[in-house]
Amino acid sequence: MTERLIGAAIPRKEDARFLRGLGRYTDDLSFPGQAHAVILRSPHAHARIRAIDAAAARAMPGVLLVLTGEDLAAMGVGGLPCGWQVTGVDGKPMAEPPHPVLAREIVRHQGEPIALVVAETLAKAKDAAEAVRVDLEALPAVTDALAALAPDAPLVHAELGHNRCYEWTIGDRAAVDAAFARAARVAEVELVNNRLVPNALETRACNAVHDPAADSWTVYLTTQNPHVIRLLMAAFVLKVPEHKLRIVAPDVGGGFGSKIYHYPEEVLCTLAAKLTGRPVKWTAERSEAFLCDAHARDHVTRARLALDEAGTFLALEVDTVADMGAYLSTFAPSIPTYFYALMFSGQYRTPAIHVRVRAAFTHTPPVDAYRGAGRAECTYALERVVERAARVSGLDPVEIRKRNLVPKDAFPFASPVGVVYDTGDFARGLELALAEADWDGFPARRAASEARGRLRGRGLALWIESSGAAPSKAVTALGCRAGLFEAAKIRVHPTGSVTVYTGAHSHGQGHETTFAQVVADKFGLSIDQVEVVHGDTAAVPFGMGTYGSRSMAVGGGALALAADKVIEKGKKIAAHILEAAETDIVFENGRFEVAGTDRALGWVQMSLAAHVPANYPLDRLEPCIEENAFYDPPNFTFPNGAFVCEVEVDPETGVVTVDRLSGVHDVGTPINPLVIEGQVQGGVAQAIGQALMERVVFDSSGQLASGSLLDYRLPRAADLPSIGTALNTVPCAHNPLGVKGAGESGATGATAAVVNALLDALAPLGIETIDMPATPERVWRAIAEARARGTARAGSAG
Ligand code: MCN
């Protein structure tokens, strides 16, 4: 019996090249005649372009090209399309103003591209960009979504007459109202889900090469989904046949969502490569990344939970204002709606739920998905209001959750907000998480903290997310303008090794290991006999890319189907060679055996026979082995779990230390527990960053005041505890591998656990709420104000 590779904790194959500095990233690539692009960007958040004079820049030595918005319009270049249309409560489509590649007439956020400069060297391009004279008339800006909805707010798109992108609702309003009318108690929270800047280690980059003979391009790009970028850029922006555009994503150093989207810079480099006849490269500086990568989150939410006497949830009402930024990024409208509101049942049986979302345009960079997208914002709001419910009901936070969990025998569970959870065992996940965290040992640890003058709190958060972004039928019904299936191709080489082509894209997730594990396991090969190719539209038949923890659930599904086709063909070959009936052939341990006999054909004999078809059923079978599969699943997957966190607070400085954090995760069948643990750890780091550190600040004119890593605090290794990870495996019921997503759990679930722990620590002081990021200053102020209130009360009592 060959050892199973599915489920094995194998170190990542790709790390051998990453750790030795042998990765090849877009900016590492240079071609003969390489030219360099610099983008001239708006210094204002809102301004009228009175004039652009590029004559001096064009005349500078080494300058190859200067393009403005007017030039693009004259060339018929289209705007950047949005891939998701939300229909509002009024039955009308969302407002969808044009998103120009280069601004014309008005700039709507700081950093918006105004002109492209291409030169022989980067330095010359930078000098020339400074020589482009742009006459801008600064206008008033609005950077806050709530303020943007006020009647007198400065308008982002004047032609709309307002800043509303859409108002959208889901759920049964009447049922919710009736439940609130008979509630014994109501828990309420008002909270901000702070805007984040994704900050992948590798900034975005592009290097476009034009082939004049074929009039086609190869564009090397830091993208999470090459085929989608090809589709959008070819069909909507450049208006050329798709086959004229090849997108290659070489090694990509992280994305966290920010590299899903179609950005202006890749259009500009592609156009410039043809216009100059030179390869054109652009690489974002970190300050550009802060201004021009899609930002994330940015919600203001009020959530109310109605409870009966026993603490049973009767109804949940959520009202959210979401910031879209100045333009709609590729998937932006879906994040606060379908990826957010549909998850408000959480792990609970809440019978009635109503969610209203108002999305607003502001004079800020576009906002779109970031690890956990929508589901992270939902989990945070839900677990904060559940925690509040425990306090107003006088119930233990564990007990109130237990009373309301969806029980194990209730699956498939149809939530009141439109999703059906296929499988899960939430109660077991909670029990395992409490044990893993030594929940009961907390009082002793708190006493020890108090003895050192520290406050200590513990927090719990249960999370569940719709991951495995697909199925096409559901997402297109919800407004997605694309199908979200996945493609795979398997080519078996003559000597039995295998190349796997997947439409998923790995930019840190370890697909070269885990996808190889799946195929090697299926074929009884070693993992080193399987090569995984991804990120090249010329090599991979099709693909919808990587986001929404879809790669293993959807891409892995396609892979499993393709592998089955290979095995079926192998059985036919084996039946011919072994002179047996096809139905008698069983494939086990990498051998095609005639059932009940000792006759067998090995894997390599089979692949050789297919490539040297001497004794081969050529009348029925084609030589060689190459199989394609396209997989569109019937449902999302619903990974879920529980995080427990303990924090210590220094009341004199406001510094919060995350002392303990652990989680239990149901990711369905685990393919590689080591990779899963790494995925959880990365997500948890981002959750801690959002909860305690990361803060985007715009000044009143719309300038980004936190536009560098000196001003925007990312978590570092020393900020993180050792993160405990355990699995609570309940296979998914509807995909070939039984997997659920594993890429976002940390970011989705841990934020609320951290803030709930902090609020638990601060509760003895009478502090009931605090906004993220709970920076030392915020915590210190909250403590100082609480103490002042306490002193005042004591004074008035005296
Ligand atoms: N996996 C597994 N067993 C399962 C499910 C998944 O072993 N039951 C493995 C997969 O094979 C894959 C990894 O876990 O190697 C994550 O799988 P999956 O949940 O399918 O998620 P994706 O591969 O689609 O990755 C997307 C997800 C998202 S949405 C973001 S954002 C994200 C993330 O993964 N961005 C990342 N992880 C990241 N990790 C790194 N290093 N960098 C990013 O930018």
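Quick notes
- For Ala774, residues with placed amide H under 5 Å, excluding near neighbours: Leu692, Met693
- Rounded to 5, the percent of DSSP beta bridges in the chain classed as antiparallel: 80 percent
- Pair-distance profile P(r), taking every C-alpha pair of the range 276-315, with 5 angstrom steps and integer %: 5, 14, 10, 9, 9, 9, 7, 6, 7, 8, 6, 4, 4, 2, 1
- Ordering 144-151, 421-428, 106-113, 209-216 by mean Cβ neighbour count within 10 Å, with the highest value first, yields 106-113, 421-428, 144-151, 209-216.
- Span-like helix ranges in the chain, DSSP H, alpha carbon extent 30 angstrom or more, Kyte mean at least -1.0: 556-577, 776-797
- For the chain, the spread of Cα positions along each principal axis, largest first, Å: 102, 76, 52
- Sorted fewest first by neighbouring Cβ atoms within 10 angstrom, Met233, Met60, Met75, Met94 come out as Met75, Met60, Met94, Met233.
- Between Lys244 and Arg599, full extension at 0.36 nm per residue minus the direct alpha carbon distance yields a gain of 122.7 nm.
- Full extension of the chain between Ala56 and Ser722 yields a length gain of 234.1 nm, computed as 0.36 nm times the residue separation minus the alpha carbon distance.
- Sum of -39500 (n - 2.57) over DSSP H runs of 4+, divided by residues of the chain (222 nm, nearest 500): -8500 deg cm²/dmol
- Interchain or long-range residues, amide H under 5 Å from Ala35's placed H: Val280, Lys281
- The chain - charge dipole about Cα centre, Lys and Arg +1 at Cβ, Asp and Glu -1, debye rounded to 20: 540 debye
- Label-to-label distance, nm, for residues given as Thr121 and Glu622 (7 Å Cα→Cβ offset): 5.3 nm
- Under 5 Å, built H, 5+ apart or other chain: amide partners of Cys165: Ala359, Ala360, Phe361
- For the range 162-307, diffusion coefficient by Stokes-Einstein and Kirkwood Rh (Cα), 20 °C, 1.002 mPa s, µm²/s: 116 µm²/s
- Per the Debye calculation on the range 230-385 with a single equal scatterer at every Cα and no solvent contribution, log₁₀ I(q)/I(0) for q = 0.09, 0.20, 0.21 Å⁻¹ amounts to -0.41, -1.23, -1.30.
- Per-bin percent of Cα-Cα distances, the range 110-175 [5 Å]: 3, 12, 15, 13, 11, 11, 11, 9, 6, 4, 2, 2, 1, 0
- Set of lysines near Lys281 by C-alpha distance (under 25 Å), chain-local residues within fewer than 8 positions excluded: Lys124, Lys126, Lys239, Lys244, Lys259
- Straight-distance crosslink candidates among aspartates and glutamates, where the alpha carbon sits under 16 Å from Lys489 and sequence neighbours closer than 8 are dropped: Glu512, Glu531, Asp536, Asp564, Glu568, Glu626, Glu627, Asp632
- Qualifying lysines (Cα of each under 27 Å from Cα of Lys408; at least 8 residues distant if same chain): Lys740
- Spherically averaged projected area of the convex hull of Cα atoms, the range 129-211: 13.3 nm².
- Selection from Gly543, Trp603, Leu578 lying farthest towards where the dipole of the range 494-640 points positive, charges on Cβ: Gly543
- Each listed q (0.25 Å⁻¹) maps to a log10 I(q)/I(0) for the range 258-346, found by the Debye formula over equal Cα scatterers with no solvent: -1.26.
None of the figures in this text is laboratory data; all of them are computed from the coordinates on show. Computed from a prediction, not measured in an experiment: that's the story for all the values here. Glycine gets a Cβ as well: all are built from the backbone with ideal geometry, and neighbour counts include every protein chain shown.
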